1. Just tell me which aspartates and glutamates come within less than 13 Å, Cα to Cα, of LYS97; anything on the same chain fewer than 8 places away is out.
2. For the chain, modelled as a Gaussian network with Cα springs under 10 Å, which listed residue fluctuates most, ALA109, ALA23, ALA61?
3. Sorted from largest to smallest, which semi-axis lengths in Å does the alpha carbon gyration tensor of the chain give for its equivalent ellipsoid, taking the root of 5 times each eigenvalue?
4. Grab the other residues whose beta carbon is less than 13 angstrom from that of ASP37, score K and R as +1, D and E as -1, and report the net.
5. Rounded if a/c is under 1.5, else prolate if a/b beats b/c, else oblate: with a ≥ b ≥ c from the C-alpha gyration tensor eigenvalues square-rooted, which is segment 62-126?
6. Among the aspartates and glutamates, which have Cα under 14 Å from the Cα of LYS63 when same-chain residues fewer than 8 positions away are ignored?
7. Quick one: net charge around LEU115, please, counting Lys, Arg +1 and Asp, Glu -1 for every other residue with C-beta under 13 Å from its C-beta.
8. Set the Förster radius R0 to 41 Å, insert the Cβ-Cβ distance between PHE77 and ALA126 as r into 1/(1 + (r/R0)^6), and round the FRET efficiency to 0.05.
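Each reported figure results from applying straightforward, stated rules to the coordinates on display, with no laboratory input. For clarity, every value in this text was computed on a predicted model and none was experimentally measured. Methodologically, a virtual Cβ is constructed for each residue, glycine included, from the backbone with ideal geometry; neighbour enumeration extends over all protein chains shown.
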Amino acid sequence: MNIPSNLKYTKDHEWVLIEGDVATVGITDFAQKELGDIVYVEVETLDQTLDKDEVFGTVEAVKTVSDLFLPLSGEIFEFNDDLERNPESVNSDPYGKGWMIKVKIANEAEVEQLLSSEDYKQLIGA
């Protein structure tokens, strides 16, 4: 299972790449495997400011629909438009082409609450 050490993680199986005051967010390799084939990613919160743990969108797989929870408070300023045409990128490249949103971080202190790759491995039993 691929769990890059340069990323942060949430208990909701999302990964977070921190670059200055911007966070790029997607779902983990573990999450995409659990969901199965992704057929649709919906984010209707573009240009909105949400609090940590609020639902920012949904991911639809063949067998289920799951909410996506914002790992850090902030403004969602970018959505990966490629996912509208190629939602399967979440399955094939969850940490690359399968990224979902970019967020302008509102509260830097929340970053410390995210899981390290080691903590995430323990959470999923990897």
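1. Straight-distance partners of LYS97: ASP29, ASP81, ASP82, GLU84, GLU88.
2. Most flexible of the set in this elastic network: ALA109.
3. Values: eigenvalues 80, 67, 29 Å².
Its equivalent ellipsoid spans semi-axes of 20, 18, 12 Å.
4. It works out to a net charge of -1.
5. On the way: a/c = 2.05, a/b = 1.17, b/c = 1.75.
Because a/c hits 1.5 or more and a/b fails to exceed b/c, segment 62-126 counts as oblate.
6. GLU34, ASP37
7. Numbers: positive: LYS8, LYS11, LYS121; negative: ASP12, GLU14, GLU110, GLU112, GLU118, ASP119.
Overall, the nearby charge balance is -3.
8. Details: r = 32 Å, r/R0 = 0.78.
Approximately 0.80, to the nearest 0.05.
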